[in-house]
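Following: one structure in structure tokens, then a few remarks.
The values are calculated or read from the model by the stated rules, or taken from the named source; none is laboratory data. None of the values given here were measured: they were computed from a predicted structure. Here Cβ is always computed from backbone atoms with ideal geometry, including for glycine, and neighbour counts include all displayed protein chains.
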Amino acid sequence: MVGLFSKPGVEDKLNILSEDGQYDLACACATSQSGHRKRGSDGKWIYPVTLPNGGQSILFKTLMSNVCSNDCKYCPLRANQDVRRCSLSIEETANTFLDYLNNGDVFGLFLSSGVIGTPDRTMEKLCGVAEVLRYQHKFKGYIHLKIIPGSSDAAVQRAVSLATAVSVNIEVPGAENLRKLSDSKDFENDIIRPMKLINQLNLEKRFGHSVKQTTQFIVGAAGESDKDIVRYTAALYDRLRLNRVYYSAYQKGLGERNLPGEQGGDILAGTGFVREHRLYQVDFLLRKYGFKAEDINYGADGLLTLEKDPKQIWADLHPEFFPVNVNAADKDGLLKVPGIGPGAAIKILKTRKDFGITDLRSVLGCGKLAEKALKYVVY
Ligand code: SF4
């Protein structure tokens, strides 16, 4: 318990900062609704995570500061809000991480921050921790650094030279949507420019390695459509070669009231997390199932249907594609079948090399997914 006028210690600060940093998901999360909000039992700053390359790890994750000079309307930490502010120093952050690391409690670090004065001043602190770990302590493991929107090219380059993964939060699809949420952030210059630079540095392998790049959408604050989010997501994967895109449902009451998205009904109706889940399903279809953005179907309002999964909707709308011959279809064809995922498709391809398949259940077992797929296949 921190006294009214006492200075908070490192653990008190971590409590405050990890609480405030919990919606910043752009390093690691599962696709289940609750999976990416998991916390370790030892402290809210220790996270079991799925990394952008698909591996699993346990990260020490914190904001370095919840001081912020920015004005994002969906964020409770924006300037002039009455929240308890605190910051960790470079030494406090590095030493605490090293304590956990040496104890075997964590394997990597995720660092983010509110904007302390200017983006570059903030990057100075984030990169400062990474430099202490890399150069003084020879730490070769996972470091994810948040790139603060509006950071200079030099600050982005420094972060890329130090990190394993970096992320700039895109927040919303396009400049028009961002203007509804912030008067100070410029979509092209503050967000897209650093993303492009990171991609360029990766292509050049400027620092002898490439970093994973991820980003995050806040879903439902700006009144944006899912169609726009999916269009941007596809472009981020195809043109800027992002490793992962994450989606975080805006939670009513966390930021300013009456944001554009709150008029739309999804937040008021409490369906924001289902919407987030549907976006993750579409994201999987784009990354793992060979779907294109134009294959995804929406309602007249540009939103995904909440009641049914997007792959099932595609199958219902394309009866001409079925039945699929499991002994002849290529991988993309198999992946269009409801109930067949990437693992099952590989199993089918391997099995049919040696034997003709006469019953899908002999390959996939008798579970629900195989039962679902049976309606759509022939042999
Ligand atoms: S930059 Fe925006 S989202 Fe990040 S802490 Fe500041 S106000 Fe919140």
### Query
In segment 171-198, what residues are assigned to a helix (DSSP H, G or I), among the aliphatic types (A, V, I, L, M) and touching a residue at least 40 places away in the same chain (Cβ under 8 Å)?
LEU178, LEU181, ILE191, MET195, LEU197, ILE198
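For every residue, the table says whether it meets (1) at pLDDT 95 or above; (2) surrounded by fewer than 13 Cβ atoms within 10 Å (Cβ to Cβ); (3) of a type in the set (Lys, Arg); (4) farther than 28 Å from PRO194 by Cα.
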| site | (1), (2), (3), (4) |
| --- | --- |
| ALA269 | no, yes, no, yes |
| LEU285 | yes, no, no, no |
| PRO319 | yes, yes, no, yes |
| ASN327 | yes, no, no, yes |
#### Entry: Verdict on THR305 being over 30 Å from GLY223 (Cα atoms) and polar (S, T, N, Q)
no
### strands (runs of 3 or more DSSP E) wholly inside segment 58-169 containing at least 2 residues that are surrounded by fewer than 19 Cβ atoms within 10 Å (Cβ to Cβ) and within 16 Å of the ligand (Cβ to nearest atom)
none
### Summary
Per the list (1) within 16 Å of the ligand (Cβ to nearest atom); (2) surrounded by 19 or more Cβ atoms within 10 Å (Cβ to Cβ); (3) not in a loop (DSSP other than H, G, I, E, B), residue check on LEU201 breaks on (1)
### Message
Tell me yes or no: at least one residue of segment 206-227 is of a type in the set (Asp, Glu) and surrounded by fewer than 23 Cβ atoms within 10 Å (Cβ to Cβ).
### Response
no
### Query
Across segment 348-379, what is the number of residues that are farther than 20 Å from PRO319 by Cα, among the charged types (D, E, K, R) and surrounded by fewer than 15 Cβ atoms within 10 Å (Cβ to Cβ)?
6
### Query
When you scan segment 272-379 for helices (runs of 4 or more DSSP H) that lie fully inside it, which ones turn up with 2 or more residues that are under 17 Å from THR233 (Cβ atoms)?
272-288, 310-317
### Task
Could you check how many residues of segment 170-192 are more than 16 Å from the ligand (Cβ to nearest atom) and surrounded by 19 or more Cβ atoms within 10 Å (Cβ to Cβ)?
1
### Inter-residue pairs, beta-carbon under 7 Å, first over 16 Å from LEU145 (Cα atoms) and in segment 50-75, second near the ligand (Cβ under 9 Å from one of its atoms) and assigned to a strand (DSSP E or B), 6+ apart
TYR74/ILE218
